[in-house]
Amino acid sequence: MTDTMAPTTAPTTAPAAEGPLTDDERARLTAATDFLDHEHESVRAFVAKALRGIDRESADPVDLAVALYYAVRDGIHYEVYGADLSRQGLRASHVLDVGKGFCLHKSVLYAACCRAVGIPARLHYSDVRNHLASDRLREYIGGDVFFHGLATVYLDGRWLKVTPVFNKLLCRLYGMTPLEFDGRADSLYHPFDGQGRQSMEFLTDHGDFDDVPYEFVMGNMRRKHPKFLDADGTGTVGGGSLADEAA
């Protein structure tokens, strides 16, 4: 059954799904923000390393977006436990400092990296039913419906949904085929795992946001997953590893 609950706050107004952006829209959607802080030296260094050997001036933006996708997907460890959900913790530069995070963190980093090379990018939030979580994680989450973050990027006149989240190692441990991105079509969580079993389905779509809507994100986390948060309510419970729980 699909969760039809409406979001607690409206998304920022989205540009047209197809067609060119105005100069103002492009400037707004490539700008650095408090969370998408792509002017920070650590983000710049990460982008430079990911695009080593690519001439940014002449490269197709699609090629840049794809290279950055794999750098974030496999270069930042996916971990749900002990994650920092403070304002500082959800900044792209901080995600790089700690080198790990889950969907909320990795999508912020990817959006910031895309903006760093002039690709318009936003954050997108949904509720998903995840059939591949560990038993321990389901207990903390309160079931198998998760509040989920991804990114949207503007390439060749279209907005694409992009999910640079599960790294290859974690996919292998959970029997999943790593999610790919070619810069031409959406990259969403695959509906089936490597054995053809249902893996994840999208439920409520909360829309696009120009920057992290912090109170909206944390309001959803507190309301939907209160047991998953630490005592301070600004992070997730520790003492575990999703990779170790794969067995």
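Residue under question is LEU96, and the condition is that it be modelled with pLDDT of 95 or more, of a type outside the set (Lys, Arg) and out of contact with any helix residue (DSSP H, G or I) (no Cβ under 8 Å at 6 or more places or on another chain); does it hold? For LEU96, the condition - modelled with pLDDT of 95 or more, of a type outside the set (Lys, Arg) and out of contact with any helix residue (DSSP H, G or I) (no Cβ under 8 Å at 6 or more places or on another chain) - is not met. Beta carbons closer than 6 Å, at least 6 apart along the sequence or on distinct chains, never pair a first residue in segment 62-91 that is modelled with pLDDT under 95 and surrounded by fewer than 17 Cβ atoms within 10 Å (Cβ to Cβ) with a second that is in a strand (DSSP E or B) and not charged (D, E, K, R). Here LEU170 meets the list (1) closer than 30 Å to ASP23 by Cβ; (2) assigned to a helix (DSSP H, G or I); (3) in contact with a strand residue (DSSP E or B) (Cβ under 7 Å, 6 or more places away or on another chain) almost entirely, failing just condition (1). Only one entry in PHE181, PHE202, PHE216 is over 24 Å from TYR70 (Cβ atoms) and modelled with pLDDT of 85 or more, namely PHE216.
Among the residues of segment 235-247, those that are at pLDDT 90 or above and surrounded by fewer than 16 Cβ atoms within 10 Å (Cβ to Cβ) comprise GLY238, SER241, ASP244. Checked against the criterion of being in a helix (DSSP H, G or I) and of a type in the set (Asp, Glu), the candidates ASP74, ASP127 yield just one match: ASP74. Consider segment 29-46 and keep the residues that are of a type in the set (A, V, I, L, M, F, W, C) and assigned to a loop (DSSP other than H, G, I, E, B). The one that is surrounded by the fewest Cβ atoms within 10 Å (Cβ to Cβ) is ALA31.
Can you say whether GLY219 is among the small types (Gly, Ala, Ser), touching a residue at least 12 places away in the same chain (Cβ under 8 Å) and in a loop (DSSP other than H, G, I, E, B), as far as the supplied structure shows?
Values: among the small types (Gly, Ala, Ser): yes; touching a residue at least 12 places away in the same chain (Cβ under 8 Å): yes; in a loop (DSSP other than H, G, I, E, B): no.
Answer is no for this residue.
Among the conditions (1) of a type in the set (D, E, K, R); (2) touching a residue at least 40 places away in the same chain (Cβ under 8 Å); (3) in a helix (DSSP H, G or I), ASP205 misses just one, which is (3).
The values are calculated or read from the model by the stated rules, or taken from the named source; none is laboratory data. Nothing here was measured: the structure is a model prediction, and the numbers come from that model. Glycine also receives a Cβ, built like all others from the backbone with ideal geometry; neighbour counts cover every protein chain displayed.
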